[in-house]
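This report concerns only the one structure given below.
Every number in this text was worked out from the coordinates using simple rules, so none of it is lab data. Source: prediction; values computed, not measured. Cβ atoms come from the backbone with ideal geometry, glycine included; neighbour counts cover every protein chain shown.
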Amino acid sequence: MKAKITVKGNKVQDVGYTLFLLSRAHRLKGVEAASVGEDLIVLADGNDATVNRFIQTVKTEKPPVADVSEVVVEGYDGEVMGVKEYREQLSLEQLVKTATVGVEMKDDIKEMKGDIKTMLKKQDETLAEIRVTRNEIIATRNELREEIRATRDEIKALREDLKQYMDRRFEKLEREIALIKQKIGLT
């Protein structure tokens, strides 16, 4: 028995579906899968029970990130690649994808290294500016402390001068009051 299985949905490609199905193609004589448009077309060949079991698996199981809306099954008369041959072909296709992604990643990594170097340079410049600003803040803080101490000392001196002045004034007032009392006969 041969079957053509069309897997439809929002996300049935680039989710590892082909590898997923190959891992479930137990006892099939042949299997193939290919992306056509937005669908995944799967061909299966084997005895009736094995193909029907595989069809049921395709209908009920899927990779975790796949989004399947419909599975359409119909008969098929054409050739179907053997499971072993298909596994080898798929392995080569996956290696090509891996190599392509690796090259893209290599280029991205080179670009990222340049970006990181630029960021580190900017970070070093920022740290240098922070150190300068920090030193300026410390210097300003120390100047303010000195000004506060000087102002406090000046206030203390003014208070002492004012106290001495007031003490002299009160002594003078007390003497003058005593003289006035004496002249008017209150003492």
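List of remarks:
- Test: F54 is in contact (Cβ under 8 Å) with a residue 24 or more places away in the chain and surrounded by fewer than 20 Cβ atoms within 10 Å (Cβ to Cβ): no
- Considering V58, V73, V65, the condition of being in contact with a helix residue (DSSP H, G or I) (Cβ under 7 Å, 6 or more places away or on another chain), within 26 Å of N10 (Cβ to Cβ) and not in a helix (DSSP H, G or I) is satisfied by V73 alone.
Results for (1) among the small types (G, A, S); (2) at positive phi; (3) out of contact with any Ser or Thr (no Cβ under 8 Å at 6 or more places or on another chain); (4) surrounded by 10 or more Cβ atoms within 10 Å (Cβ to Cβ), shown as yes or no for each residue.
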| residue | (1), (2), (3), (4) |
| --- | --- |
| A66 | yes, no, yes, yes |
| Y76 | no, no, yes, yes |
| L90 | no, no, no, yes |
| D108 | no, no, yes, yes |
| Q123 | no, no, yes, yes |
| I137 | no, no, yes, yes |
| T140 | no, no, yes, yes |
| R149 | no, no, yes, yes |
| L173 | no, no, yes, yes |
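- Subset of the stretch 1-26 that is touching a residue at least 60 places away in the same chain (Cβ under 8 Å) and over 24 Å from D77 (Cβ atoms) - its residue that is surrounded by the most Cβ atoms within 10 Å (Cβ to Cβ): G9
- Residue in the stretch 89-99 that is touching a residue at least 60 places away in the same chain (Cβ under 8 Å) and in contact with a Leu (Cβ under 9 Å, 6 or more places away or on another chain) present: yes
- Looking only at residues of the stretch 34-50 that are surrounded by 19 or more Cβ atoms within 10 Å (Cβ to Cβ) and more than 11 Å from K4 (Cβ to Cβ), we find that the one that is nearest to the chain's Cα centre (by Cα) is L40.
- Among the residues of the stretch 20-45, those that are part of a loop (DSSP other than H, G, I, E, B) and farther than 15 Å from R87 by Cβ comprise G37, E38.
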